[in-house]
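In what follows, a structure is listed as structure tokens, so that the remarks can point back to it.
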Amino acid sequence: MQGFPGGAPDPQQLQATMVAIEQACSLIQLHMNPSEAEKVISSLHLSLMPYQACRFILETSQMPNARFQAAGAIGDAAIREWGILTDDNKRCLILFCLNYVMEHANSPDGYVQSKVSAVAARLLKRGWVEFSDQEKAAIFFEVEQSIRGIHGPNRQFAAINFLETLVSEFSPSTASAMGLPKEFHEQCERSLELHFLKDFYCWAQSAVFNTADKILNSNVTIPEERACSAALRLMFQILSWNFKHTVEHASSDAKINSGLRIDTINLKKFECSLVKPGSMWRDILISSGHTTWVLNFYTTLRQKYSYDTLWGDSPIAVSCRQLIVQLCSLAGSVFPNDNGDAQIKHLMMILSAVVLWIEPPDVIAASIRNGGSESEFIDGCHALLSMASLTTGSLFDNLLKSIRHYGTINLLSALTSEAVKSVLDSQSEEETWGVDSLDILLETWNVILGDVDADKSPISVDGVLAASSLFKIIVESHLKAAADSAFEDTDDTEYFHVSVSKRDEQLALYALIARAAPDTTIPFLAQLFSERFARLHQRNGESDPTQTLEELYWLLLVTSHVLTDSGEGETLLIPEALQAGFSNVIEVAQHPVVALSWQCLDPGIREKYFSPRLMEAVIWFLARWVATYLVPLDVSRGLVSRGEIDSIGTNGSQHSRKLLNSFAWENNQGELVLDFVVLISMLALTTYQGESELQTLTCQKLLATVVRRKHTCTYLVQLDSWRDLTRAFASGRSLLSLSGRLQRSLAETLACAASCIKDPEASAQYLRDLMGPIAGCLVENASRSDLKSVAQQADVIYMVCCLLERLRGAARAAQPRTQKVLFEMGRTVMNPLLTLLEIYKNQLYI
């Protein structure tokens, strides 16, 4: 090839190089002396002008790995030596790689062809700015001819694969390093987007059109099917491009009012980006009926292979569905400026085809459990998520009503129900389709219900009923699973553990569904609690209550999420859905949220049936509930003051807000709740020794929560139960079993409460009573005459550690009005601390 770099080749040297590379590749495959073999291969990559040797290996060697390494060496050397290569050299290298790929399109070693394609794409991008439009056109001419099928299906596949690699190379997220500034990559990206991407898409369209008839009319797998799959995959990849250089028309009020979203939704687990190629793409994507053709093509293929339950996993099926799901995300000026009508029709048309993949949900779920393919079902769920991300809840619900007598939310409810059942009934770790689809469906619910401010009525009455029915199925399914797992002693039971973050995420999404229909879901939870409590009373200690306690454990977890938000690091507010609901409730005792809260907070119910697992749920529930409902009436954002509340009439949701914002403090209930919090905390810390997670929740969540807010802490320090807790901490030995970390945390919490005592002298005396005995004990231990002989005993080391951790915790709680007392205490223990430091100076940690 004229212009190929590297000078006149020496046949003997070329042969010797090829043999050396082949031997090195063989050694690596056999795991024999790999370091020496890697040195030989690296020498080829790093050598000056290795192109003739690499070309010889590619054209002559019978070892695929050797050809793979030769292709990589061409790419590395050309990028490194680009500045000394002539224009002819650069073009010849690119054309050589492209010709090699085309001529060896029938080769079984696909990974070698892919590597050579990647090298051609990389070198083409490196010279993109230097090459003229005519030179680029000349390079792409043969590629286009091959893609259109002129040279047969194998070369057609190879050419499509090259374009796929090229698009990936020009995309910033997948581009390979070239040692060039960011501006170069941005210039290449802009040029490809504005001048070539649409042409590539049209070529891929042509390839699909040209092969479709043969595929549909053939009864066996043919080469055209591979080319068609690749073309569909290329079209999907192009529509996944981050279009940055398109001009969008302004969103009209009519379009916004039609129910289409104008912003991009940020999803928790999945990527969601609007596909906005601009008005220049309208002719090939919208006006031409492209979407209709793709949908019909897939539907026809689906009917043809209806006898094959695994056809859904074939490359052509997967590629076509990926493209369909991506077409769901089309938005912006690619549609005409007709107030959203064209885009809504586009979504309805796709949904009418997608619904066949996922309906009826129970039949399809049964088919999957019997060995059928799940990929179509999961892709259908992804399509629903994409549509929900583009529409408001009301429009999303209406999309299906053009072809069904029910809305899309009813379908979503049925799908979620089947996914939940699959997850809880599955006995195989390999069967993940239920988990995958449930994650997608719950994310869809989050999109629909999560943005209440933007849509005060996100779903219709039918949608509310569907959400209510779904929540009941979810709860009943989980209660059954909890009861069934009650006597299991395996790691699987950790699925129901309070500290599992994935579990908390899932429960939070379940709660969102429950809040969509609070009028029915809150009383339903209250009924379930009543039934379990009654069952415990009926047993009267004569039979094993383990299953009922497991059910109560799960009920407490989900109820906590329904009644409260997590709000880590934020001031918790009563969920808006609960405040706005229950407009017909007049008496506080009749309010479902109030009734459910008091059920969960009734201490008499649990006096006989406490267990560590149930205690964890109780402590966790209390921490969230106290932070949400024990709020002052006149200070929280978004709440009304007592005077404003009393001026509101007894009609509408405002009265419900009044009840929820005030019931916790009515008739001294707040003080009773705080007293219960302290008593149950004392119980958890002293009775359940060794239950580290329970004690951690108590110290770092529950007690920290009630002390953090000044209005609750003010009541707290006046309780006899709190004084009992501080005395037990200061002078008793019952709390010495806690770990050092919890000793420090508990000391900090108890010391923080001093700032809520209004009288300065009383506040100072509180700290002296709390920390004085601890300081005195430390002084006493440091003053022992036999300290050196007993200091290394385990119990003495443990005692010293506990005392020091308590001092650390109290010091962390220092505030301007309490620091004087703490500094005086620090001065008291300074000399004993120096003594202990000398004694334990060789200890790694005490």
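The values are calculated or read from the model by the stated rules, or taken from the named source; none is laboratory data. Only a predicted model underlies this, so the values are computations on that prediction, with no experimental measurement involved. Neighbour counts run over all protein chains shown; Cβ positions are idealised from the backbone, glycine included. For the accessible areas, the whole protein counts, side chains as well, though only heavy atoms, and no ligand, DNA or RNA atoms are used. Shrake-Rupley method; radii C 1.70, N 1.55, O 1.52, S 1.80 Å.
Along each principal axis, taking the top coordinate minus the bottom one, the Cα set of region 514-603 gives 44, 34, 23 Å in descending order. Over region 122-269, calculate the relative contact order: mean separation of alpha carbon pairs under 8 Å at least 6 apart, over the residue count, as a percent. Computed over region 122-269, the figure is 26 percent. Net length available on complete extension from Ser426 to Arg741 is 109.5 nm, with 0.36 nm assigned per residue and the Cα-Cα distance removed.
Protein heavy-atom surface of region 531-602, 1.4 angstrom probe: 45% of the accessible area is carbon and sulfur, with nucleic acids and ligands not counted. Taking the charge dipole of the chain about its Cα centre, with +1 at Lys and Arg Cβ atoms and -1 at Asp and Glu Cβ atoms, the residue from Ala466, Val363, Ala514 reaching farthest to the positive side is Ala514.
With Cα atoms as the point set, region 77-217 shows a radius of gyration and Dmax of 15.3, 54 Å. For Lys214, a cut-off of 26 angstrom between C-alpha atoms picks up these lysines, skipping any fewer than 8 places away in its own chain: Lys198, Lys304. Our estimate of slack between Leu48 and Lys345, defined as 0.36 nm per intervening residue step minus the Cα-Cα distance, is 100.9 nm. Please report the relative contact order for region 712-846, taking Cα pairs under 8 Å with a sequence separation of at least 6, and give it as a percent rounded to a whole number. Worked out over region 712-846, it gives 33 percent. The charge dipole of the chain, taken about its Cα centre with unit charges on the Cβ of Lys, Arg, Asp and Glu (plus for the first two, minus for the last two), comes to roughly 1620 debye.
Here the accessible area is traced with a 1.4 Å probe on the protein chains. For region 211-350, carbon and sulfur cover 51 percent of it. The spacing between region 69-128 and region 734-763, judged by their C-alpha centroids, is 70 Å. Excluding ligands, DNA and RNA, the accessible surface per residue across the chain is 44 Å² with a 1.4 Å probe. Hydrodynamic radius of the chain by the Kirkwood approach over all distinct alpha-carbon pairs: 32.7 Å.
Taking a Cβ cut-off of under 14 Å around Phe582, the surrounding Lys, Arg, Asp and Glu residues balance to a net charge of 0, with basic ones at +1 and acidic ones at -1.
For region 166-244, the mean projected area of the C-alpha convex hull, equal to one quarter of the hull surface, is 5.9 nm².
When the chain is described by a simple charge dipole with +1 on each Lys and Arg Cβ and -1 on each Asp and Glu Cβ, the residue from Thr546, Phe56, Ala762 located farthest towards its positive end is Ala762.
Dipole orientation for the chain: of the candidates Val101, Val821, Cys228, Val821 has the Cα lying most toward the positive pole (charges on Cβ; Lys, Arg +1; Asp, Glu -1). For the chain, adding -39500 (n - 2.57) for each run of n ≥ 4 DSSP H residues and dividing by the number of residues yields -21000 deg cm²/dmol at 222 nm.
Computed over neighbours whose Cβ is under 14 Å from that of Gly72, the net charge equals +3, Lys and Arg +1, Asp and Glu -1. In plain terms, the chain is cut at each of the trypsin sites (Lys or Arg not before Pro) found in a DSSP loop with at most 14 other Cβ atoms within 10 Å, and the longest leftover piece is 1-243.
Restricting the calculation to alpha carbons of region 1-70 gives Rg and Dmax of 12.1, 40 angstrom. For the pair Lys304 and Asp88, label points projected 7 Å from Cα toward Cβ lie 4.9 nm apart. Computed on region 368-413, the Cα convex hull volume stands at 84 Å³ per residue.
Distance between the modelled labels on Ser692 and Phe141, one decimal in nanometres: 7.3 nm (7 Å Cα→Cβ projection). Contact order, relative form, for region 353-479: 30 percent (alpha carbon pairs under 8 Å, 6 or more residues apart, mean separation divided by residue count). Other residues with beta-carbon under 13 Å from the beta-carbon of Met825 carry, at +1 per Lys or Arg and -1 per Asp or Glu, a net charge of +3. Pair-distance distribution of region 649-705: all C-alpha pairs, bin width 5 Å, starting at 0; shares per bin in whole percent are 4, 17, 17, 15, 12, 11, 10, 7, 4, 2, 0.
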